[in-house]
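Peer 1: Sending over a structure as structure tokens; questions will come in a sec.
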Amino acid sequence: MQQKIPMRAAVMAASVALALGLAACSPAGGAERETDPSAEADWDSLEPLEFRMATFGGEENLHSQPLNALAETMEEVSGGKLTFEIFYGGALVPSTEQGTAISNGITDMGTFFPAYTASEYPADEWASPLAFTPDDSPVVGSLQAIGTTLDWAYQTPEYLEDITSKGITPLLPRIQTSHAYNLLCKDEVTTLADVQGKRIRIGGPTHTAEVEALGGVPVALPNTEVFEGLQRGVIDCTVATLTDIVNVGLAEVADNFTFVPFSGWSSNVFGVNTDVWEGLPDFVREAFLDDGLSAYLEAFVQAEMAANVEVAQMEELTFLTPSDEIVDVLDGYHEAVLESRRSATGTPLADPDTSLDLYLETSEKWLGLVQDAGYDGAPANWNEYVAAHDGELPDFGPWLELVLNDVVKANHGS
């Protein structure tokens, strides 16, 4: 009979006693995986295990697709010995409690967002305002941001301690899920004067401060109420990504999208309950690192960028460029953010100044790595990218290989 992970301490103890032959590490990006005969024997002798994951999105939601890909890949790699039950749409736990659910064993693994419970993750709270730092170009900036946040997180023990102290093993300890947020409005908004007094929906303190710097009026509104808020005139605009338009259908109630360079979102972790992770045989953990995380990251960037391409081609939207004055005001605000990170108090970081230098140096490193890997950094936004590349996305294999081999697996001892 198939065992469910949260109730199977005895099964885990037995699993650890199995032969621990390691599956050979494989290149990322869909390359054929080498097979170790001893690993096949281990899968044959492993008792079936079922893992539970939860997500706030529906089955096809952008945040669900990476979990779907990981589950499908691991079921295939294990010959069906590993299966996954995924609870969609907040059916098991709401988005604000996904980390707690992993910690206390309600779920075994999954994505969670430390910023939703910021007081419990003070190092994340320190880092979240830095999500404006990637390059402007959408593909290069997105790939740079994910590499940067993962790399920095692994090099920052205080950040990792905030997660591991809660009984969670972070396999992907920090992922910038949105390269940048922009502005969707009912009316055209391109100048600083246009922003003045506009009621603008925000999703957190970072965007609150940015909207206030521009003279707008931030309005806290749950994501599920944005459509109705725009429809009824409760808000004039929302800080949004192009993918928000896909997820919520916002183009029906607002059709002016201005590429205002608001900060992205970087508070995203893929973690596993530590008791579950440490109870798995080495060859199972190796398969998660080799195959599961590769599938997760590839599905993540593919889903996110495909949605951006889809929206950038929508004829019902008008795409606008912000004035230099708007950009200058946000640039000035972001400079103040950097200084505030250097002098931050009440953070677990031993030396915030050094941590910021590391973050910025890591960001520059990943910009160079992504550019050297051949990704096009010329387009300034998704509208320009679609025009330059006929809506075709690049092969993410070279980037995946860099992230998985040089960062993720290197820090998990693989």
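Bear in mind these aren't lab numbers, they're just calculated from the coordinates by the rules spelled out. Remember, it's a predicted structure, so these values are computed and weren't measured experimentally. Neighbour counts run over all protein chains shown; Cβ positions are idealised from the backbone, glycine included.
Peer 1: Please report the antiparallel percentage of DSSP beta bridges with both residues in the chain, rounded to the nearest 5. Walk me through the intermediate numbers first.
Peer 2: On the way: 17 of 34 bridges.
Counting DSSP beta bridges with both partners in the chain, the antiparallel share is about 50 percent.
Peer 1: What ³J(HN,Hα) values, in whole Hz, does the Karplus curve 6.51 cos²θ - 1.76 cosθ + 1.60 give for the range 305-322 when θ = phi - 60°, with x put for Gly and Pro?
Peer 2: Whole-Hz 3J(HN,Hα) from phi for the range 305-322: 6, 4, 5, 4, 4, 4, 6, 5, 9, 6, 5, 6, 9, 9, 9, 10, 9, x.
Peer 1: If the reach is capped at under 17 angstrom between alpha carbons, list the aspartates and glutamates near LYS186, excluding any in the same chain fewer than eight residues apart.
Peer 2: ASP194, GLU225, GLU228, ASP236, ASP244, GLU252, ASP255, GLU315, GLU316
Peer 1: A further question on this structure: Quick one: compute the contact order of the chain, relative version, from alpha carbon pairs under 8 angstrom and 6+ residues apart, as a percent. Could you put the intermediate results ahead of the total?
Peer 2: Numbers: 752 pairs, mean separation 97.1, N = 414.
Relative contact order for the chain comes out at 23 percent.
Peer 1: Given springs between every Cα pair under 10 Å in a Gaussian network model of the chain, which of GLN176, GLN231, GLN144 has the largest fluctuation?
Peer 2: GLN231
Peer 1: To continue, here is another question. What are the ³J(HN,Hα) values, in whole Hz, obtained from phi via the Karplus relation 6.51 cos²θ - 1.76 cosθ + 1.60 with θ = phi - 60°, for each residue of the range 264-275 in sequence order, with x given for Gly and Pro?
Peer 2: Along the range 264-275, the couplings run x, 10, 10, 8, 8, 10, 10, x, 10, 3, 4, 4 Hz.
Peer 1: With labels modelled as points extended 7 Å from the Cα through the Cβ direction, what inter-label distance (nm, one decimal) is found for GLU252 paired with GLN155?
Peer 2: 4.7
Peer 1: Additional query: Around LEU221, which amide H atoms from residues at least 5 apart in sequence, or from another chain, sit under 5 Å from its own amide H, with H modelled in the peptide plane?
Peer 2: When sequence neighbours closer than 5 places are left aside, the close amide H contacts are ILE202.
Peer 1: Moving on to the next point. Determine the relative contact order of the range 241-326: mean sequence separation of Cα pairs under 8 Å and six or more apart, normalised by residue count, in whole percent.
Peer 2: Computed over the range 241-326, the figure is 68 percent.
Peer 1: Let me ask another. Under the rule of at least 5 residues apart or a separate chain, name every residue whose amide H is placed under 5 Å from the amide H of ILE168.
Peer 2: THR274
Peer 1: Mind sorting TYR88, TYR359 by how few other Cβ atoms lie within 10 Å of their own Cβ, fewest first?
Peer 2: Ranking TYR88, TYR359 by Cβ neighbours within 10 Å, fewest first, gives TYR88, TYR359.
Peer 1: Determine one quarter of the surface area of the Cα convex hull of the chain, which equals its mean projected area, and express it in nm² to one decimal. All intermediate terms of the calculation are to be shown ahead of the outcome.
Peer 2: Values: hull surface 76.8 nm².
Value for the chain: 19.2 nm².
Peer 1: Neighbouring Cβ atoms within 10 Å as the yardstick, rank TRP399, TRP126 fewest first. Show your work: numbers first, answer last.
Peer 2: Values: TRP399 28, TRP126 24.
With the fewest neighbours first, TRP399, TRP126 line up as TRP126, TRP399.
Peer 1: Can you sort THR258, THR55 by how many other beta carbons sit within 10 Å, fewest first? Spell out each step's value before the answer.
Peer 2: Numbers: THR258 22, THR55 27.
Least crowded to most crowded, the residues run THR258, THR55.
Peer 1: Right, here's the next one. 5 Å is the cut-off here: which amide hydrogens, built 1.01 Å from N in the peptide plane, fall below it relative to GLU85, excluding neighbours closer than 5 in sequence?
Peer 2: PHE51, ARG52, MET53
Peer 1: Counting only DSSP beta bridges with both residues in the range 137-256, tell me the antiparallel percent, nearest 5.
Peer 2: Of those bridges, close to 45 percent are antiparallel.
Peer 1: Can you list the HN-Hα couplings for the range 45-58, worked out from phi with the Karplus curve (6.51, -1.76, 1.60; θ = phi - 60°), rounded to whole Hz and with x for Gly and Pro?
Peer 2: Using θ = phi - 60°, the values come out as 8, 6, 5, x, 10, 10, 10, 10, 9, 9, 9, 7, x, x Hz.
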